[in-house]
Amino acid sequence: MVQNIRDMDEFKAFLKAAGNKLVVVEFSARWCGPCKRIYPVFHAMSVQYRSVMFANVDVDNARELAQTYQIKAVPTFQLFKQTKKVTLFSRIKRAICCYRSGSLSEPIFELCGADAKKLEEKIREFM
């Protein structure tokens, strides 16, 4: 099941309640076409992966959360464990894919876009 998060207090409580479980958060907007397309898949993942907690944050209704977590595009998925963001790519993978772009020094904490396959790969990797 996907929990709708409306504000920072709800978000913190949700992360704390997750304990050691993986938490997958979708930052989306009602007007966003790709968000509408990925949501049924995201919901199906929440049923399939019972040991993982899923949440949705509407960036228009929870602007403080969107700003705090630096959401620049929707949909954006961030993963958390023990209330902390999970780095999604190892240093070696980042070196290979990010060397030319100059973003090597910054960890990658999110997946942007409605790529269900990549999201599911990351869920399986970190659960």
(Q) Any residue that is within 20 Å of Ala114 (Cβ to Cβ), open to solvent by 80 Å² or more (accessible area, probe 1.4 Å), at pLDDT below 95 and within 15 Å of the chain's Cα centre (by Cα) - is there at least one of those in the range 67-86? (A) yes
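Being without any contact (Cβ under 8 Å) to a residue 60 or more places away in the chain and out of contact with any strand residue (DSSP E or B) (no Cβ under 8 Å at 6 or more places or on another chain) narrows it down to one of Gly19, Gly33, so name that one.
Working: Gly19 fails: without any contact (Cβ under 8 Å) to a residue 60 or more places away in the chain.
Only one candidate qualifies: Gly33.
Among Phe54, Phe27, which is the only one that is within 17 Å of Ile5 (Cβ to Cβ) and touching a Pro at 6+ places or on another chain (Cβ under 9 Å)?
Details: Phe54 fails: touching a Pro at 6+ places or on another chain (Cβ under 9 Å).
The match here is Phe27.
Every residue, every condition in (1) surrounded by 21 or more Cβ atoms within 10 Å (Cβ to Cβ); (2) among the aromatic types (Phe, Trp, Tyr); (3) out of contact with any His (no Cβ under 8 Å at 6 or more places or on another chain); (4) modelled with pLDDT of 95 or more, yes or no:
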position: Phe14; (1), (2), (3), (4): no, yes, yes, yes
position: Val24; (1), (2), (3), (4): yes, no, yes, yes
position: Arg30; (1), (2), (3), (4): no, no, yes, yes
position: Ala62; (1), (2), (3), (4): yes, no, yes, yes
Per the filter on the range 3-48, residues closer than 20 Å to Arg124 by Cβ and over 15 Å from the mean Cα position of the chain (by Cα) are Gly19, Asn20, Pro40, Ala44, Val47, Gln48
In the range 100-121, anything modelled with pLDDT of 90 or more and not in a loop (DSSP other than H, G, I, E, B) is listed as Ala116, Lys117, Lys118, Leu119, Glu120, Glu121
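The values are calculated or read from the model by the stated rules, or taken from the named source; none is laboratory data. These numbers come from a predicted model, not from an experiment. A quick note on method: Cβ atoms are made from the backbone with ideal geometry, for glycine too, and the neighbour counts reach across all protein chains shown. Surface accessibility is based on the protein's heavy atoms, side chains included, excluding ligands, DNA and RNA. Shrake-Rupley method; radii C 1.70, N 1.55, O 1.52, S 1.80 Å.
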